[in-house]
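Computed from the coordinates by the stated procedures, all read-outs in this text should not be read as laboratory data. A quick note: this is a predicted structure, and the numbers were derived from the prediction, not measured. Cβ coordinates were reconstructed from backbone atoms using ideal geometry, including for glycine residues, and neighbour counts include every protein chain displayed.
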Amino acid sequence: MTDTTPGSAPYTPPKIWIWNKANGGRFANINRPISGPTHDQDLPRGQHPLQLYSMGTPNGVKVTVMLEELLALGHTGAEYDAWLIRIQEGQQFGSGFVGVNPNSKIPALLDCSREQPVRVFESGAILVYLAEKFGALLPTDPAQRAECMSWLFWQMGSAPYLGGGFGHFYAYAPFKIEYAIDRFAMEVKREMDVLDRRLAETRFIAGKTYTIADIAIWPWYGALAKGLLYEAGEFLQVQEYVHVQRWAEELAQRPAVKRGRMVNRVVGAPESQLHERHDARDFDTRTQDKIKAT
């Protein structure tokens, strides 16, 4: 792989960094070094206490899978409205969204079941909040809970290497940089090896039981194993990780995972997309305006 960075001279960082608005490739129009809203835009509210504002990226899929799993377990209070936030269009910088998540990242959850609505942001925090709210998918035994939480935090700390690191430089950067791709590919393969060794010992990530650790890790590393992420499976030789493959396939067959992966999805075959979800029947009664390809 050749370093195709423009210019022949090595890059020397300036004494003071200056924001170049034209730099950044595919996401140059939404990336910026400041926070806060860029425009006034209220968030919609649906009929259910749980209001999710998200998009079907791996971090968004974590939460929709979690909600669908809770509903499958019979927790009717987990019914939710899922509103699509189109991050490429900068909708995460609307004033309403920033009010729920000051970090302007999807997903964001608003729990309106209390007198004062509770906002929850960061996907890992949302998983823990929902698990504790409904008493499900998070072990109560101290040792088992610690194992589950350790793997959840492992995912939160590791995914930036896979997403913002490898994914950005391999799939989205405006030009290929050999050093950056090699550096992050090495780290992603190390992380896959960590998971493979763990899953050689146990059926699920945290032990014998399916938990929020699996829900958090699957949309990133399970999707990578199944060739659903960045089309980088051959490049990273993901078939080598046989225990991850076994686990990834088992989770992919769960009905709640299949449903959760559809919600707020705007890429892929139209039949795989459910742009907004307001009722369980939406999966069966999708109209063409809900599933139109983008």
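Summary of values
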| item | result |
| --- | --- |
| Loop-exposed chymotrypsin sites (Phe, Trp or Tyr not before Pro) per DSSP, neighbour cap 16 Cβ within 10 angstrom, longest uninterrupted part of the chain | 20-174 |
| When segment 153-198 is reduced to its Cα atoms, the Kirkwood hydrodynamic radius in Å | 10.8 |
| Neighbourhood charge, 14 Å Cβ-Cβ cut-off, centred on N59 and excluding it, Lys, Arg +1 and Asp, Glu -1 | +3 |
| For the chain, size of Cβ-based charge dipole, Lys and Arg +1, Asp and Glu -1, in debye | 340 |
| DSSP-loop trypsin sites (Lys or Arg not before Pro) across segment 1-103, with at most 14 other Cβ within 10 angstrom | K15, K21, R45, R86 |
| Ranked list, fewest to most other Cβ atoms within 10 Å of each Cβ, for T211, T202, T140, T57 | T140, T202, T57, T211 |
| Reciprocal of mean inverse Cα separation for segment 142-257 (Kirkwood radius, Å) | 14.4 |
| Binned Cα-Cα distance frequencies in the chain - 10 Å width, integer % | 6, 26, 34, 24, 9, 1, 0 |
| √(5λ) per eigenvalue of the Cα gyration tensor, segment 1-160, largest first, Å | 35, 22, 13 |
| Partners for K105 among lysines (Cα-Cα distance below 18 Å; same-chain residues under 8 apart left out) | K62 |
| Within the chain, helix-based [θ] at 222 nm, where runs of 4 or more DSSP H residues each add -39,500 (n - 2.57), nearest 500 | -11000 deg cm²/dmol |
